[in-house]
1. Using the number of other C-beta atoms within 10 angstrom as an exposure proxy, rank 115, 136, 251, 86 with the fewest first.
2. Can you tell me the equivalent ellipsoid semi-axes for the stretch 110-162? Use √(5λ) from the Cα gyration tensor, largest first, whole Å.
3. Over all distinct Cα pairs, what is the inverse of the mean 1/r for the stretch 120-249, reported as the Kirkwood hydrodynamic radius in Å?
4. Which order do the peptides 216-225, 279-288, 155-164 take when ranked by the mean count of other beta-carbon atoms within 10 Å per residue, highest first?
5. With runs of 4+ DSSP H residues as the only contributors, calculate the mean residue ellipticity of the chain at 222 nm using -39,500 (n - 2.57) per run, divided by the residue total and rounded to the nearest 500.
6. Taking the Kirkwood radius as the inverse of the mean 1/r across Cα pairs, report the Rg/Rh of the chain.
7. Just want the ordering: 13, 119, from fewest to most Cβ atoms lying within 10 Å of their own Cβ.
8. What do the square roots of 5 times the Cα gyration tensor eigenvalues come to for the stretch 1-156, in whole Å, largest first, as semi-axes of the equivalent ellipsoid?
Ligand code: SF4
């Protein structure tokens, strides 16, 4: 039941009247594992995601270079003040996304979902949406399967790597996976999930990979917060009935082509974009001088 495109995924979901997450579970079953084993393994991923999404909310975690750290605590304190413009859900999601990024940058344990650089988006989105929607632990695990099916199709047809396709391929894919999963959690159809993934990719198309000093810290952590917000707002857009004019498969192809046409300076080499701004270079020199 391997699918190589969003269209094939939808055909299978409609043929067997199953959700995207159920497709992903059945695909894993075909690899010879029992349903119980598959769920147990994904549950372990969820636990690590929960740990990394919560830890830096109450602990000032500094990255190894000292470049980032403490922002998740700031967001969490701000949340407690109840003064946010965009509401608790958004601030909580941003805090969790940055918590994961800070844990990652301090060499803590995260789930690369799909990469270490974009590790905060999926946990932030799934946990925060799950809280709001009163989902059980089993339902959060199920949502991770929906996200994984979308990630598999992007990986097959494009790339998940910033070095190959820019940040659109890392943070963009993570946000697309998260948006599709949240739509399923909210009761949307498989088609609606792919509309959400498509809209997210369209909105992040062209984002370059330009980490300061080559470290997965700046601008990565804040791009995780931004990706989480994009996933959640897009899920709402789609649940209201909004559709993507460009189908998911086309957006994936476009992302890959755009990524391939990016010069190497903008694909994780730290030779372009923010990495070579006067401040970017100054920060790099400070770190290397340590
Ligand atoms: S800027 Fe590059 S290293 Fe940082 S999250 Fe994006 S793709 Fe990953």
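1. On the way: 115 19, 136 9, 251 26, 86 12.
Ordered by Cβ neighbours within 10 Å, fewest first: 136, 86, 115, 251.
2. On the way: eigenvalues 98, 32, 11 Å².
Listed largest to smallest, the semi-axes of the stretch 110-162 are 22, 13, 8 Å.
3. Values: mean 1/r = 0.0697 Å⁻¹.
Kirkwood radius, the stretch 120-249: 14.3 Å.
4. Working: 216-225: 24.8, 279-288: 14.7, 155-164: 18.9.
So the order, starting with the most tightly packed, is 216-225, 155-164, 279-288.
5. Working: 13 runs with 185 residues, N = 290.
Taken over the chain, the calculation gives -20500 deg cm²/dmol.
6. Values: Rg = 18.3 Å, Rh = 18.9 Å.
Rg/Rh for the chain comes to 0.97.
7. Details: 13 22, 119 28.
Starting with the residue having the fewest Cβ neighbours, the order is 13, 119.
8. Working: eigenvalues 200, 58, 37 Å².
Computed over the stretch 1-156, the values are 32, 17, 14 Å.
Read-outs throughout are calculated quantities, based only on the coordinates presented, and are distinct from any laboratory measurement. The model shown is predicted, which means the values in this text are computed figures rather than measured ones. Quick reminder, even Gly has a Cβ in these numbers, built from the backbone with ideal geometry, and neighbours come from all protein chains shown.
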